[in-house]
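Shown next, in structure tokens, is the structure this report addresses.
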Amino acid sequence: MCAYFAPYVDEDGLHLPTYNDILEKRIDDTKAVFGQDIYLANDSPYYQILANEALMLYETMQAIQYAYNASMGP
């Protein structure tokens with residue numbers, strides 16, 4: 001099982017999953033749909049799609065982090 005969690009804010013600030021957490025979650029979800037035997041090694045086209053999607057999600061979360069930090073003031 002992966003360490004993915006939904007983003008949240010608490011008294012310690014904004015918490016976001018890492019790129020690897022997101023990628024592992026995408027891989028786990030894909031295996032849940034297509035079966036554990038689906039080939040998802042680094043050279044797999046499916047892995048490449050999942051990695052690109054995970055990167056876009058991670059970059060979006062980083063933008064949210066920048067906006068959150070800016071809203072907190074100096």
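The values are calculated or read from the model by the stated rules, or taken from the named source; none is laboratory data. Keep in mind it's a predicted model, so treat the numbers as computed, not measured. Counting neighbours? That spans all protein chains shown, and the Cβs are built from the backbone with ideal geometry, glycine included. Only protein heavy atoms, including side chains, enter the accessible area calculation; ligands, DNA and RNA are left aside. Shrake-Rupley method; radii C 1.70, N 1.55, O 1.52, S 1.80 Å.
Tabulated data for the structure shown
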| read-out | value |
| --- | --- |
| Whole-Hz ³J(HN,Hα) from phi, Karplus 6.51 cos²θ - 1.76 cosθ + 1.60, for the range 40-46, glycine and proline x | 10, 6, 4, 8, 7, x, 5 |
| Chain lengthening between His15 and Gln48 when straightened (0.36 nm per residue, less Cα-Cα) | 9.3 nm |
| Karplus-derived HN-Hα couplings along the range 54-59 (A = 6.51, B = -1.76, C = 1.60, θ = phi - 60°), whole Hz, x at Gly and Pro | 4, 5, 5, 5, 5, 5 |
| Heavy-atom surface of the chain, accessible at 1.4 Å and reported per residue (Å²) | 71 |
| Residue range of the chain that is longest and free of chymotrypsin sites (Phe, Trp or Tyr not before Pro) which are both DSSP loop and sparsely packed (at most 12 other C-beta within 10 Å) | 40-74 |
| Structure-derived Rg/Rh (Cα atoms, Kirkwood Rh) - corresponding label in (1) 1.09; (2) 1.03; (3) 0.95 | (1) |
| Residue-averaged 222 nm ellipticity for the chain, from DSSP H runs of 4+ at -39500 (n - 2.57), nearest 500 | -20000 deg cm²/dmol |
| Mean Cα-pair separation over length for the chain, i.e. relative contact order, pairs under 8 Å, 6 or more apart, % | 28 |
| Leu57 versus Met72: modelled label distance in nm, points set 7 Å from Cα along the beta carbon direction | 2.4 |
| Amide H contacts of Leu14 (H built 1.01 Å from N, under 5 Å, at least 5 apart or other chain) | none |
| Dipole magnitude (debye, nearest 20) for the chain, charges at Cβ of Lys, Arg, Asp, Glu | 160 |
